[in-house]
Amino acid sequence: MKLEKLFYAKDFKLFNKDDKEVMLDSIPAKSISWKLIEPLNEGEYNEELLASMRDELKILDEKNSFIFMEAIADKNALNAEYAQVFTACMKHSARRLKDCVSIAGFSIPSELIALGKPFVEDYINELSAKHAQYVYFVKKSDFESSNEELKQYLSSNEVVLYN
């Protein structure tokens, strides 16, 4: 099931499909914790938590309210070794929440930004493969401290800066 793209990013700002800028205070963050979704073993996910999260998001769908999923890399030190595991966890979460219209997109955590373009590119590509409607949210301070290669990559993608 492919959902309609309701938002897009332009010049690091969020716009709705009617080309009106959306103030970020109207799209709050909802945390999605790596250690809660994948508490013990790699690839074993807390499906009950994801089902509960889906139920909450479906209520937002009914209210025509929107959020973005703030991905929290809080399980292991997010280094090159664990970046793929983290990305797989967020991809699995997105698949379980796939029919929730209320999700405008996912954040890219600071730890992934710090690893550089190949890791950020992999994250965006993995989530976008089945969720082309998503916009990606990056903390303004992370963007400002990233290197030029990553800044250029983020500039060419559906990225919104937030505080």
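The values are calculated or read from the model by the stated rules, or taken from the named source; none is laboratory data. The shown structure was predicted, so the numbers you read here are calculated from the model rather than taken from an experiment. Ligands, DNA and RNA are excluded from the accessible area calculation, which covers all protein heavy atoms including side chains. Shrake-Rupley method; radii C 1.70, N 1.55, O 1.52, S 1.80 Å.
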Would you check if E70 is more than 15 Å from L161 (Cα to Cα) and either open to solvent by 90 Å² or more (accessible area, probe 1.4 Å) or assigned to a strand (DSSP E or B) (or both)?
no
Name the single residue, out of those in the range 21-62 being assigned to a helix (DSSP H, G or I), among the acidic types (D, E) and within 21 Å of V85 (Cα to Cα), that is least open to solvent (accessible area, probe 1.4 Å).
E47
For the range 10-20, state whether one or more residues are among the aliphatic types (A, V, I, L, M), open to solvent by less than 50 Å² (accessible area, probe 1.4 Å) and part of a loop (DSSP other than H, G, I, E, B).
no
Tally of residues being assigned to a helix (DSSP H, G or I) and open to solvent by 20 Å² or more (accessible area, probe 1.4 Å) across the range 143-163
9
Could you tell me which residue of the range 79-105 is most open to solvent (accessible area, probe 1.4 Å), considering only residues that are closer than 21 Å to L3 by Cα and at pLDDT below 95?
K98
Could you check, for the range 106-118, whether at least one of its residues is under 14 Å from the mean Cα position of the chain (by Cα) and open to solvent by 30 Å² or more (accessible area, probe 1.4 Å)?
yes
Restricting attention to the range 56-73, and to residues there that are under 13 Å from the mean Cα position of the chain (by Cα) and among the aliphatic types (A, V, I, L, M), which single residue is farthest from F7 (Cα to Cα)?
A73
Scanning the range 91-130 residue by residue, those in a helix (DSSP H, G or I) and among the charged types (D, E, K, R) turn out to be K91, R95, R96, E111, K117, E121, D122, E126
